[in-house]
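No value in this document is a laboratory result; all are computed from the given coordinates. Note that this is a predicted model, so its numbers are computed, not measured. Cβ atoms come from the backbone with ideal geometry, glycine included; neighbour counts cover every protein chain shown.
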Amino acid sequence: MQTLQTDRSPAYLTAQDELSRIERRRDPEQGRWQEYYRLVVDCLRRFLAQEHQVKTANRSVTEMQRALRGSTLSSAQTQPLLDLLVENDTVQTATYLPGPTQGRHLIGRARTLIEQMKPAPQPIG
């Protein structure tokens with residue numbers, strides 16, 4: 001009987017813990033949208049760098065798109081991330097400020113992205 005390696009890598013666990021910490025800060029309730037989005041996007045970037053070896057630091061959305069094309073991730077996995085990065089850019093430039101409902105869903109969206117981008121469990125033995 002083959003067993004499967006756990007799907008909870010150190011990068012996965014670290015990202016989930018970080019998202020919980022960000023959620024506890026309650027930035028949306030205090031109107032700190034730019035900080036909130038920056039923290040969530042930085043968490044996703046670190047996850048990609050650690051789990052998929054995608055260089056993410058200081059990259060624009062276009063540069064991230066190119067880097068993701070060279071990764072093992074599919075476009076179905078990466079497109080929601082790229083959409084979130086574009087949304088983050090609009091928040092950072094104050095072109096767009098989300099409403100309370102959309103802001104509260106950001107952590108859930110990030111968790112879904114991490115779930116979709118985690119590697120599949122590998123057989124052991």
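The table below gives the values:
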{"quantity": "Label-to-label distance, nm, for residues given as H105 and Q53 (7 Å Cα→Cβ offset)", "calculated": "3.6 nm"}
{"quantity": "Cα-based helix-to-principal-axis angle, 10-25 vs the chain, degrees rounded to 10", "calculated": "20 degrees"}
{"quantity": "Spatial extent of region 8-118: Rg and Dmax, with the Cα atoms as the point set, Å", "calculated": "13.3, 39"}
{"quantity": "Sites matching chymotrypsin sites (Phe, Trp or Tyr not before Pro) across region 1-107 that sit in DSSP coil, with at most 15 neighbouring C-beta atoms within 10 Å", "calculated": "Y96"}
{"quantity": "Region 1-94: relative contact order in percent, alpha carbon pairs under 8 Å with at least 6 residues between", "calculated": "27 percent"}
